[in-house]
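Undergrad: Before I ask anything, let me first share the structure, which is written out below as structure tokens.
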Amino acid sequence: MAGVQTVIRPAAVLPERAAQDILVALEARHVTLGGVWHTTPTLWQRYDRTWDGPLQTRGHAVLFGSIAIVFGTPTPGSITVYRAALTEDGARAGLSVEGLCDEAFSFAGLTLASCPRAELQPPPRRDPFYRSPALQA
């Protein structure tokens, strides 16, 4: 069984207050503090257990899934979630991409289904073969 990766379209947007609530909750549940989440500025990772290796390293902890994020988009305090992925171990444990996102988003009272979405802009309606008159000289 292969891991599962989902591009979230349109991307989920966590409003500023929700983003703050989630970040605080994930940090309180960090893998080096007895929790199951490891966070970086671009990725939230969910493990099966706290890290138990020497010097607070991964040890026997198994990665279940990841959520890819962008800070400050579309507004300075918001977070855009654009991709989520499960490992084979996460899928075997019964997690789904939606469940992974729902677990993180629940700290702000949201789910992936209820989360606001990025507004998609239509592509420019310009002829791809158009040449500017200045370039035709």
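Read-outs: derived from the displayed coordinates by stated rules, not from any lab. Because the structure is predicted, anything quoted here is derived from the model rather than measured. When we count neighbours, we look across all protein chains shown, and the Cβ atoms used for this are built from the backbone with ideal geometry, even at glycine.
Undergrad: Given [x] 1.15; [y] 0.98; [z] 0.94 as candidate values of Rg/Rh (Cα atoms, Kirkwood Rh), which corresponds to the one derived from the coordinates?
TA: Only one listed value fits the structure, namely [x].
Undergrad: Could I ask something else about it? Projected onto the charge dipole of the chain (+1 at Lys/Arg Cβ, -1 at Asp/Glu Cβ, origin at the Cα centre), which of A11, T57, T87 gives the Cα projection farthest towards the positive end?
TA: Of A11, T57, T87, it is A11.
Undergrad: Could you give the angle, 0 to 90 degrees to the nearest 10, between helix 16-28's Cα long axis and the longest principal axis of the Cα atoms of the chain?
TA: 30
Undergrad: Now, a different point. Going by C-beta contacts inside 10 Å, put F105, F71 in order with the fewest on the left.
TA: The fewest-first ordering by Cβ neighbours comes to F71, F105.
Undergrad: With an 8 Å Cα cut-off and a minimum separation of 6 or more residues, compute the relative contact order for the range 4-117 in percent. Let's see the in-between values first.
TA: Working: 236 pairs, mean separation 35.5, N = 114.
Reported relative contact order: 31 percent.
Undergrad: Quick check for me: using +1 on Lys/Arg Cβ and -1 on Asp/Glu Cβ, what's the dipole size of the chain about its Cα centre, in debye to the nearest 20?
TA: 460
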